[in-house]
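Step one of this worksheet: look at the structure below.
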Amino acid sequence: MNESEVVTRMSFVGKSRMLGRWWCTSKSLAGLSRLAHAQVFGLGNKTYEHYNEVGIYVDRRLEELGAHRVYTLGLGDDDANIEDDFITWKDKFWPAVCEFFGIESTGEEEMIRQYKLLEPCDVPMDRIYSGEIARLHSFKNQRPPYDSKNPYLAPMKVNRELHKGGDRSCLHVEFNIEGSKMRYDAGDHLAMFPVNNTDLVNRLGELSGMDLDQIFSLINTDTDSSKKHPFPCPTSYRTALTHYLEITAIPRTHVLKELAEYCSDEADKEKLRLMSSTSVEGKALYSTWVAGASRNIVHILEDLPSCKPPLDHLCELLPRLQPRYYSISSSPKLHPNTVHITAVVVQYKTSSGRTNDGVATSWLSKMRPVEGEDSPVVPIYIRKSQFRLPVRSQIPIIMIGPGTGFAPFRGFIQERHLARQEDKQLGDTILYFGCRHKDQDFLYREELEEYTSSGLIKMHSAFSRDQEQKIYVTHLLEQNADELWNVIGLNNGHVYICGDARSMALDVRNIVLKVIKEKGQMSEAEAAQYLKKMESQKRYSADVWS
């Protein structure tokens with residue numbers, strides 16, 4: 001293949017928006033007329049405002065620079081099924097590439113493993129990973145700086161229940177970071193590496209018939225690859241399933257396709273093959289039987305008993321266990337030696353009759369510090385954020401955070417409380433808080449009522465299920481249009497949103513646009529531009545999830 005027949009593959013995530021724009025505006029890229037590009041597939045989420053912005057931009061910019069498009073731009077939506085989006089695109093992409101380059105495709109796919117198994121591993125015990133993220137023995141010999149590759153084992157100081165009734169649970173957790181040299185600001189995130197449920201890990205051992213304490217390694221068959229192992233190796237199967245692999249996630253369709261090869265029952269095999277296909281029937285079955293029923297790998301192997309994949313292949317197929325992120329609910333100005341989080345314990349019934357637990361919060365809920373005993377420890381690090389209070393305390397702010405969306409605002413309010421104690425001038429500090437029932441899940445109720453009675457904050461509360469007609473924070477925000485415009489239009493104040501991206505954050509944005517248009521007497525285009533300017537000035541900030 002000569003220089004004019006280069007095909008490049010690029011994927012950008014939202015985090016890389018500025019990098020993608022810089023790369024595509026670099027003068028060194030001028031004159032790409034000899035580059036054939038058929039390869040841009042964007043990774044995005046439709047609940048966010050800038051859906052696939054970088055993928056769209058890169059595709060357009062490559063064309064402007066002279067590259068020739070072999071196949072159309074692909075867009076993946078992680079709010080739906082991003083893997084299905086990619087596979088559907090890929091099935092049409094490869095024939096187009098083969099036609100462009102004059103390559104004959106056999107149309108057949110083979111199951112080729114990326115890693116080879118080394119088992120048993122005859123290595124000294126002190127060379128075996130036991131849950132460390134990267135550096136061997138990093139949990140025994142802790143040394144800063146602490147980050148995603150080197151988390152700090154933080155002792156848990158406090159773990160208390162915030163709900164006062166109902167069948168749900170929300171935890172206030174405090175970690176001791178004294179002496180760690182870790183620093184945080186109000187608005188940052190705490191990342192936590194959880195471990196999987198012991199019962200699920202043992203069940204996988206039973207289903208596979210494997211000794212979970214067997215030491216093994218998976219070694220990349222591509223000797224030139226920089227990634228030698230899918231996770232730290234050598235290790236035991238028990239450690240891999242406990243610390244390194246997402247065993248509770250809903251398996252992607254490519255995993256089902258591989259599992260089908262290990263079914264001795266033809267019906268089980270055909271079911272998995274169908275769900276891994278891009279047919280309408282297959283997508284529908286996957287949507288109901290796997291995604292809709294929240295079946296994880298354990299459930300699938302239980303419900304398809306003839307499927308007996310080797311445990312080492314499962315370890316290759318399952319994704320890496322990722323850290324969980326929580327908005328920090330404290331200020332270092334008041335709590336320099338501890339960092340606080342506020343987390344709802346995830347637990348729900350599925351249509352298959354099972355009860356699924358959240359990996360991290362169910363693990364946290366079982367940890368209770370006991371006076372006089374060693375504190376339980378959790379691997380954590382700080383992820384910096386752009387979610388920040390204005391530097392000048394006299395600038396008014398509006399915070400919109402129902403449920404645990406209130407978490408970062410607890411830190412903000414603590415900082416404003418401290419500023420008032422230091423006799424600094426304060427702008428209006430307005431909070432919109434919401435929950436289901438005032439007497440059950442009103443988080444930090446005593447704190448907030450004290451701040452309100454002292455005049456530090458003005459609070460608008462929506463208790464959605466305490467009356468027949470549900471009331472949400474967005475209803476209250478819409479009712480207080482004059483107050484909103486007074487803050488953002490007349491006093492250059494800031495608006496902060498934290499919580500659900502799918503509905504709440506979008507509704508808030510639409511209300512703000514409506515108020516700007518009506519109170520500011522602007523056209524829709526002018527109102528949109530006004531809000532864009534607020535965002536660029538960091539006067540409109542959102543910390544949301546879907």
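The values are calculated or read from the model by the stated rules, or taken from the named source; none is laboratory data. Because the structure is a prediction, the values reported are computed rather than measured. Here the Cβ is made from the backbone with ideal geometry for all residues, glycine too, and neighbour counts use every protein chain on show. Protein only, heavy atoms only, side chains kept; ligands, DNA and RNA dropped before computing areas. Shrake-Rupley method; radii C 1.70, N 1.55, O 1.52, S 1.80 Å.
Here are the numbers for this structure:
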{"item": "Within segment 487-507, backbone nitrogen closer than 17 Å to the virtual label 7 Å beyond the Cα of residue 80 toward Cβ", "result": "502"}
{"item": "Charge dipole (debye, nearest 20) of the chain; +1 at Cβ of Lys and Arg, -1 at Cβ of Asp and Glu", "result": "1740"}
{"item": "Charge-dipole axis of the chain as Lys and Arg at +1 and Asp and Glu at -1 on Cβ define it, positive-most pick from 434, 150, 395", "result": "395"}
{"item": "Cα-centred dipole magnitude for segment 385-492, charges only on beta-carbon of K, R (+1) and D, E (-1), debye, nearest 20", "result": "300"}
{"item": "Mean Cα-pair separation over length for segment 215-358, i.e. relative contact order, pairs under 8 Å, 6 or more apart, %", "result": "21"}
{"item": "Part-to-part distance (alpha-carbon centres) for segment 291-339 and segment 60-74, which is given in Å", "result": "37"}
{"item": "Options 212, 248, 54, ranked by Cα towards positive dipole end of the chain, top entry (Cβ charges)", "result": "54"}
{"item": "Highest-first arrangement of 453-461, 290-298, where packing means the average Cβ count within 10 Å", "result": "290-298, 453-461"}
{"item": "Within segment 81-230: Cβ-based charge dipole about Cα centre, in debye rounded to nearest 20 (Lys, Arg +1; Asp, Glu -1)", "result": "1020"}
{"item": "Relative contact order (%) - segment 482-531, alpha-carbon pairs under 8 angstrom, separation at least six", "result": "33"}
{"item": "FRET E, pair residue 222, residue 291, Förster distance 41 Å, beta-carbon r, rounded to 0.05", "result": "0.85"}
{"item": "Å² of accessible area per residue within the chain, as computed with a 1.4 Å probe and no ligands counted", "result": "50"}
{"item": "Rounded Å value of the spacing that divides the Cα centres of segment 234-284 and segment 207-227", "result": "18"}
{"item": "Shape call, segment 327-476: gyration tensor on alpha carbons, a/c limit 1.5", "result": "oblate"}
{"item": "Accessible surface of segment 80-236, 1.4 Å probe, proportion on carbon and sulfur as whole %", "result": "49"}
{"item": "Accessible surface of segment 438-546 [probe 1.4 Å, protein heavy atoms]: carbon and sulfur percent", "result": "45"}
{"item": "For the chain: rounded, prolate or oblate by the Cα gyration tensor [a/c cutoff 1.5]", "result": "oblate"}
{"item": "GluC sites (Glu not before Pro), loop per DSSP, at most 14 other Cβ atoms within 10 Å - longest free stretch of the chain", "result": "262-370"}
{"item": "Chain lengthening between residue 49 and residue 266 when straightened (0.36 nm per residue, less Cα-Cα)", "result": "73.6 nm"}
{"item": "The chain: relative contact order as a whole-number percent, Cα under 8 Å and 6+ apart", "result": "13"}
{"item": "Residue 215 long-range amide H proximity, modeled H, under 5 Å", "result": "121"}
{"item": "Residue-averaged 222 nm ellipticity for the chain, from DSSP H runs of 4+ at -39500 (n - 2.57), nearest 500", "result": "-8500 deg cm²/dmol"}
{"item": "Given charges at Cβ of Lys, Arg, Asp, Glu: the chain dipole, positive-most of 340, 98, 288", "result": "340"}
{"item": "Segment 463-539: projected area of the alpha-carbon convex hull, averaged over directions, in nm²", "result": "5.6"}
{"item": "Shape category assigned to segment 205-359 from the gyration tensor of Cα positions, a/c cut at 1.5", "result": "oblate"}
